[in-house]
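Asker: Questions regarding the structure given below will be posed in turn.
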Amino acid sequence: MFSSWLGGVITDPALMQVPLDDHLVHRGHGVFDTCTLSSGRLYRLGIHIDRLLHSAELARIEHPWNKDDLIEMVVDTASAAGIRDGAVRYWMSVGPGGFSPSPKECPEACFYCIIFDPAPLGAEGLDPMRTGISEATVLDTPMKPPLLATIKSNNYLLNVLTHMEAVDRGGTFGVLVDDDGYVAESCVLNTAFVTNDGVLCTPPFDGILLGTTIRRVMDLASGALTGEGLISSVSQAPVLASEVRGDLISEMFLCGGDTHLFPVTSWDGVPVGAGEVGPVARRLIELLDGEAFGDAVGEARDFIDVPYDD
């Protein structure tokens with residue numbers, strides 16, 4: 001763990017702590033992001049740091065770091081940990097200083113970073129990315145207001161309640177639908193669909209999180225999948241929930257976390273398309289895995305090699 005509050009990297013788990021008076025903890029006045037560490041390379045760290053800085057600006061967190069500073073702290077943490085495969089998560093907060101709502105009592109912003117072994121998302125004992133998941137519409141948990149939805153903040157209470165309600169209704173992560181009947185997002189994942197005429201479509205980012213994974217999926221789909229004839233085009237446009245539960249959609253999936261793509265085989269008990277994992281989802285999973293964990297080349301700017309002492 002790296003802690004700017006303590007002034008360096010910590011390798012003793014007993015010391016990996018955040019002060020209770022950090023406004024990150026008791027006010028949620030902090031932002032975070034995550035990237036993948038694979039074979040000693042940090043995958044797409046740059047684009048995640050861009051989003052972290054954007055979130056910090058919207059959250060009015062004043063701090064002294066630029067993009068290169070933050071990347072250096074993350075790289076140093078991975079290097080000191082000596083870990084070559086795992087997940088990386090980092091937070092920026094207004095810092096410790098007291099228990100009022102005002103950040104003026106905080107003498108300095110803080111940055112924390114940890115390297116950890118991620119728990120699998122989805123159903124236990126299964127491989128939901130290969131077998132697909134059931135989903136449910138979330139009815140009782142409200143969507144975040146647009147400002148909070150576009151900031152990747154430390155306040156994820158509504159995200160957690162979205163997931164819990166989805167499980168209660170027989171789903172996995174939950175699907176949020178706005179008042180006009182359009183699909184928004186899941187608890188921690190973006191939504192995407194393949195229409196019967198081969199268009200890969202995802203909702204606009206107005207009022208939902210600017211997902212890094214869905215943007216990579218759209219890039220891969222525009223290139224590889226159109227070239228292979230699996231889809232005809234890529235579009236970012238509103239999607240009515242009624243269209244998905246009708247007969248206009250052949251595939252639906254949720255994606256996030258760099259490499260997580262979950263095919264949705266049923267929604268509210270109604271099969272999506274043929275009710276099985278489709279060819280577009282299977283190919284995208286293969287491409288994402290190959291780029292992050294395999295031998296696929298990818299774009300050079302998407303990888304940062306971690307220097308290890310050994």
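The values are calculated or read from the model by the stated rules, or taken from the named source; none is laboratory data. No experiment lies behind these values; they were computed from the predicted model shown. Virtual Cβ from ideal backbone geometry, glycine too; neighbours counted across all protein chains shown.
Asker: Scan (1) part of a loop (DSSP other than H, G, I, E, B); (2) at pLDDT 95 or above for the single condition LEU225 breaks and write down its number.
Answerer: Looking at each condition in turn, LEU225 falls short on (1).
Asker: What number of residues within the range 173-211 are among the polar types (S, T, N, Q) and either surrounded by fewer than 22 Cβ atoms within 10 Å (Cβ to Cβ) or not assigned by TED's automatic domain parsing to the domain that holds SER242 (or both)?
Answerer: Going through the range 173-211 one residue at a time, the tally reaches 2.
Asker: Can you report the number of residues in the range 33-57 which are of a type in the set (D, E, K, R) and either under 13 Å from the mean Cα position of the chain (by Cα) or within 15 Å of ASN154 (Cα to Cα) (or both)?
Answerer: In the first step, residues of the range 33-57 are kept if they are of a type in the set (D, E, K, R); the result is 33, 41, 44, 50-51, 57.
Right, trim to either under 13 Å from the mean Cα position of the chain (by Cα) or within 15 Å of ASN154 (Cα to Cα) (or both) and you get 33, 44, 51, 57.
Residues meeting the conditions: 4.
Asker: Hey, does the range 126-133 have a residue that's over 30 Å from VAL264 (Cα atoms) and either at pLDDT 95 or above or outside the structural domain of ASP168 (by TED's automatic domain parsing) (or both)?
Answerer: No.
Asker: Somewhere in the range 163-175, is a residue within 22 Å of TYR90 (Cβ to Cβ), within 18 Å of the chain's Cα centre (by Cα) and modelled with pLDDT of 95 or more?
Answerer: No, the range 163-175 has no match at all.
Asker: Now, a different point. Taking strands (runs of 3 or more DSSP E) that fall entirely within the range 59-173, which contain at least 3 residues that are closer than 16 Å to LEU189 by Cα?
Answerer: Once the strands (runs of 3 or more DSSP E) in the range 59-173 are filtered for at least 3 residues that are closer than 16 Å to LEU189 by Cα, what remains is 133-135.
Asker: Now for a separate question. Looking at this structure, is ASP69 at pLDDT below 95 and acidic (Asp, Glu)?
Answerer: It is false that ASP69 is at pLDDT below 95 and acidic (Asp, Glu).
Asker: Please go through the range 10-55 and give me each residue that is assigned to a helix (DSSP H, G or I), of a type in the set (A, V, I, L, M, F, W, C) and in contact with a Phe, Trp or Tyr (Cβ under 9 Å, 6 or more places away or on another chain), ordered by number.
Answerer: Those that are assigned to a helix (DSSP H, G or I), of a type in the set (A, V, I, L, M, F, W, C) and in contact with a Phe, Trp or Tyr (Cβ under 9 Å, 6 or more places away or on another chain): LEU24, LEU45, ILE49, LEU52, LEU53.
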